[in-house]
Each structure stands twice: as C-alpha cells, then as structure tokens.
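The structure appears right after this line, and notes come after that.
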Amino acid sequence: MSSPQPAPHDRSVFWRLWTAHSTSAFGTAVTTVAMPLVAVLELDATTFETSVVAAATMCAWLLFGLPSGVIVDRLPLRPVLVVADLVRAAALVSVPVAVYLDSLTLAQLVIVSFVISVASVIFEVGYSTYLPAVVTKDRLTASNSLLQGSESVSQVAGPALGGGLVQALGAAYSLIADVVSYLVSAALLMTVPPPRSGTPKKPKRNMAAEIREGVQFVRHHPVIRPLVFAGTGFNFATGAIEALTAVFLVRTVEVDSYAIGFLIAGLGLGGVIGAAITTPLVKRLGTTRAALLTLVIAPISALMMPLTFPGVGLALFLLGNMGWGACTVTFAIIGRTYRQTAVSPDLIPRVMATVRFVSWGVMPVGALLAGALGVAFGNRTSLLILCLCTLLIPVPVFLSPLRKTRELLEVDVAPSVQAPR
C-alpha cells in the first residue's frame, strides 16, 4: 500500500528536517574524533580500554536494531525523534561536566557512548520513516541524495573541525559542539508537523511477532533481499578497510599524519560525489542499472587501495577510497529510496530496522576480522584479501531478477510480500 502524497508546502518541512539532520551529523563527526581522545587524554586509557569505548558506539544495531522498528512504529514519530536528540545531548553533556568536576571515569564514558548509540538507532529508524511521509515519491531520490550528501560533507569537514576544537578547548569540552547540534536538531524537529498516516493503525501484537513480520518481509522480498545482501557486503568491507587504513598507511606505506587525514577524507569526498551524481545517474540509466554500475566500480576502486606505495602512489589510495565512497553512497541512496517508495507506511519502521540490523551490524565484525588478518598476514596482504572479497558483493544482485529490469519498481512482487498479513 503506497504512502500518502504530501502537500506542496511540505517542501519547507523537508528543509527543516534536512537542516536538523545535517546539524546533528556535523556534531556527531566532531564527537567521532573527540570521544576517543577523551579516553586517551583525560583518562590515560589503554588501547584495549579505548577499544571498549569504540565498541560501545557500534553495538547498538546488533542489540536493538530489530526492536527499534517496533518501538518507532508504536510511538508518535515526531516526539520519538525529539526525545532521541535530547537523550543524546543529556548523555554527552555529562562528560565535560564530569571533567570539570574531576570525576570522569571509563565506565561513564562507555555508558555515555552506549546510550548515544541506542538513541541514534531509534533516531535513524524514525527519520527514515518520517521522510517518505513528508516528501513526494518523485522527490525521494533527490531528498535522500541531499541527506546523504550532508552526511558525507560532515565526514570530511567534521573531523577537521573536531581536531581544531580539541586543540583549542580540550577533548572533553569540544563535545559541547555536538551537544549544541543535538539541541538545535530537537528544536527544529519540534517545528515540523506530525506526519500524516495513509492507513489506519493496526492493533498492536507482541513485539516478537512484529519483529518477525519485518524480518520475513525483507527475507522474502525479491528486490529488498538482494539489495540488503549487497549492502551488507559494502558495510562489512567498509568496517574492515577502515580498521586497517590508519595502520596500513602509517606502518606499511609510511605516510605522515597530515597526508593520512587527507587520504582518509577521500571516503567522505567520494560520498559527496556519489550523493551529487545519484539523481542524474538514476534519471539516465534507471535505478537498477545505476545500482549495478556501482556494484561493478566498487570492487575495482577497493583493489586500488592495497596497491598504494609512497609518493605518487598515494593517488591510488585516494582515488580508490573516493571511488569506494561514491559507490557506497549511491547504492545506499537507491536502496533506501526504493524501500521508502515500495513498502507500506505501517511496515517501513520494521523493514528499515531489519535492514540496518543486518547491514550495519556486520561492521564491527568486519573490523575484528581485519585486525585478526593483519596480525596473521601483515597489513598489505590482509587489506588485499579483504578487497578481493568485495568481488563477491555484486553476486546476490546479479543472481536476482533485478538484472533484467531498468527500474527496481518494475520487478514483480508477489501479493504475499506486498503487505503484512
């Protein structure tokens, strides 16, 4: 069942949503740099202790990814987003307050990271559900491109801003920038009208049954299932590559810290490019062919990175990282737009949660595998092995009915998976 078509004035609603999302994304990028530095500089944490803080920021999708869809579906959507922002702000501000009172502990830092992670899971599922309720279907691709573009820009500019704030204010007090971003996001979201529901709410059943319904829908859907498999491959490889990038560049290629920052920023730069070209690419090729193109280019881009050598050879890593980032973002936009268009409004939260649980939950697994391979085979060899594995990412899509169509919406979907029973 299709979602309701928003009124023309809802363009202003989208821009408020976009501003809230972008402000929060920049603040989060600052925290990505500052939070581990709080552990190291304020608490003199060991490598293992710092990794525990990092793990706390990544495990929420594995623990709460599936129930988050049911939670979002059962509660008023706009208040859920506002509360998620306020919870993140309250948790984060406790860190500089504790530093000021000289009472910060590693346990508090881990708890704060975990609370923020859980609230972010709820926020992301809710936000993905809100967007198709206020944006017309013909503008979903462009709207998702704008949102993904702002995230990619934040991945480029945010860490640099974070580094500057850490130098100027100290690691803990630089987190205030992210606190402010969450408060600004919450304030903007409170000005957005509640989304209109196109279908009456169904009676609520037990949470396990609703979670299972979302999982089964994704599992049996001829379009969403192969897209999720491919997206999971993208994220698994991204988690693994990012885990090896710094140590590979520092110890194997012997790159200085300034160049490392520039090379790592290539992922975000590629994401900006991907977000910018997705809409015209889809118009020219169609959603299916555009997605297939990214699946072909991505492994080629990935395989450039382990070939990096000092001097002009650094261009291989930069171009490979940019190409990987562009393909990842373009594929993500196409898949997200399809789900927002093809899935009935009452099922979107659970479908989004299932997709994120699977595709994002593998990132820490990829990072751990990369570390184990690095110890066993060395940095360059392990990076090459992982990049060779990206050749498998297109397989689920090329073996599906998608390859025969120009548009994803042209694929026949059985009535049994068009709506929950």
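Bear in mind these aren't lab numbers, they're just calculated from the coordinates by the rules spelled out. Worth saying up front: this structure is predicted, and the values here are computed from it rather than measured. Here the Cβ positions follow ideal geometry from the backbone for every residue, glycine too, while neighbour counts run over all protein chains shown.
Taking Rh as the Kirkwood radius, which is the inverse of the mean 1/r over Cα pairs, what is the Rg/Rh value for segment 210-409?
On the way: Rg = 17.4 Å, Rh = 17.4 Å.
Reported Rg/Rh (Cα atoms, Kirkwood Rh): 1.00.
Close amide-amide hydrogen proximity is noted between ALA45 and VAL40, each under 5 Å apart and 5 or more residues distant or on a separate chain (H modeled in the peptide plane; Pro and chain starts excluded). Among residues other than ILE116 with Cβ under 13 Å from its Cβ, the summed charge is -2 (Lys and Arg +1, Asp and Glu -1). Electrostatic tally near VAL166: other residues with Cβ closer than 13 Å to its Cβ, Lys and Arg +1, Asp and Glu -1, net -2. Restricting to DSSP H runs of at least four residues, report the calculated mean residue ellipticity at 222 nm for the chain, -39500 (n - 2.57) per run over all residues, nearest 500 deg cm²/dmol. Mean residue ellipticity at 222 nm (helix-derived): -25500 deg cm²/dmol. So which DSSP H runs in the chain come out at 24 Å plus along the axis (Cα) with average Kyte-Doolittle of at least 0.0? Passing helices, by number: 10-37, 77-100, 106-134, 140-169, 224-247, 257-285, 287-304, 314-342. Take 392-404, 265-277, 283-295 and order them by the average number of nearby Cβ atoms within 10 Å per residue, most first; the result is 265-277, 283-295, 392-404.
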